1. In nanometres, what is the gap between the two model label sites at Glu199 and Leu167, each 7 Å from Cα along Cα-to-Cβ?
2. How large is the Rg to Rh ratio of region 146-204 when both quantities use alpha carbon positions and Rh follows Kirkwood?
3. Efficiency by 1/(1 + (r/R0)^6): what FRET value for Thr92 and Gln262, r their Cβ-Cβ distance, R0 = 25 Å, to the nearest 0.05?
4. At a 1.4 Å probe, what is the % contribution of carbon and sulfur to the accessible area of region 59-130?
5. With charges only on Cβ, +1 for K and R and -1 for D and E, what is the dipole size of region 74-133 about its Cα centre, in debye, rounded to 20?
6. Hey, how much of the P(r) for region 28-81 falls beyond 17 Å, as a percent of Cα pairs?
7. Rounded to the nearest 20 Debye, what is the dipole magnitude of the chain about its Cα centre when Lys and Arg each give +1 and Asp and Glu each give -1 at the C-beta?
8. How long are the three semi-axes of the equivalent ellipsoid for the chain, computed from the Cα gyration tensor as the root of 5 times each eigenvalue, in whole Å, largest first?
Amino acid sequence: MLATLRRAGRGHAVGVTTYLLGHDPDELARLEHQAMVLAPATRTVLRLAGITTGMRVLDLGTGAGDVALEVGELVGPTGSVVGIDQSVPALTQAARRVEQRDVTNVTFVQGKLEDIDLIDEFDAVVGRLVLLYTPAPHEVLAKFARLVRPGGVVAMMEYEMTAAGTLPPTELSTRVIRWITEAFHCSGLDESLGARLAEVLARAGLGQATVLGLQGYRPPGDREGPWMAECTVRTLLPVLERTGVATAAEVDIDTLAERLAQDTAAHDAVFKPPTLVGAWATVGGAG
């Protein structure tokens with residue numbers, strides 16, 4: 001683990017909020033499962049953005065290393081990936097996974113984005129579901145885009161949470177999505193950041209961005225989507241109660257996944273998780 005995890009020094013200050021969902025073992029397990037679900041869409045965005053063999057890539061907000069490991073496969077043994085995150089528990093898990101898989105081209109740096117001061121040059125900077133937790137996403141991107149060589153790429157992925165729900169909409173699914181989106185909104189976080197990524201990249205001084213949303217679908221009665229929704233609501237429950245969005249009794253968290261699955265089956269409704277939006281732009285180019 002010592003070979004794959006190091007601490008970073010201090011540097012240019014860019015404000016970063018605390019990760020709303022935490023990093024306890026249950027949350028890390030949820031994130032790992034979420035990463036499995038998002039893997040096809042993530043791979044698609046990375047490939048379309050031009051992440052390929054031999055590149056040196058920086059992964060912002062790497063967490064347990066899911067995106068870094070995906071990138072590591074794309075760049076191959078002649079490329080390399082450096083993942084940054086402030087959470088020691090998440091990075092400890094990431095380093096353990098790297099060792100278990102005998103991956104040699106992925107390393108990690110522990111520290112807050114506002115503190116990290118790297119001098120390395122990269123071919124690309126990537127990140128998934130990290131800008132949401134920064135009060136000034138364009139400042140974060142501008143800081144790290146300076147590390148990318150001319151002609152390199154910055155590729156970010158964020159959710160469009162308001163796209164989640166069911167087809168057709170049901171009363172329960174609409175209520176659950178409202179709980180999630182309002183919890184983020186009440187916490188000062190942009191639940192529709194994915195849809196605004198082109199603006200974020202432009203404000204960071206990057207070229208014209210290509211923006212693509214990838215929407216997943218789960219069939220009626222399927223338990224995958226409802227389980228993910230329950231895990232998210234469970235983590236957000238203190239926020240829901242503190243802000244008055246919903247009470248614990250109203251949520252009834254221990255039965256929520258089953259109720260959602262039964263609800264989609266009863267209404268022959270397709271479950272839609274949040275849309276994963278990818279946006280990428282060329283450094284020093286028109287995109």
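The values are calculated or read from the model by the stated rules, or taken from the named source; none is laboratory data. What you are looking at is a predicted structure, and each value in this text was computed from that prediction instead of being measured. A quick note on method: Cβ atoms are made from the backbone with ideal geometry, for glycine too, and the neighbour counts reach across all protein chains shown. Side chains included, ligands, DNA and RNA excluded: accessible areas come from the protein's heavy atoms. Shrake-Rupley method; radii C 1.70, N 1.55, O 1.52, S 1.80 Å.
1. 2.7
2. Rounded to two decimals, Rg/Rh equals 1.16.
3. The pair Thr92/Gln262 has a calculated efficiency of 0.05.
4. The C+S portion of the solvent-accessible surface of region 59-130 is 46 percent.
5. It comes to approximately 380 debye.
6. 33
7. 760
8. Output for the chain: semi-axes of 32, 20, 19 Å.
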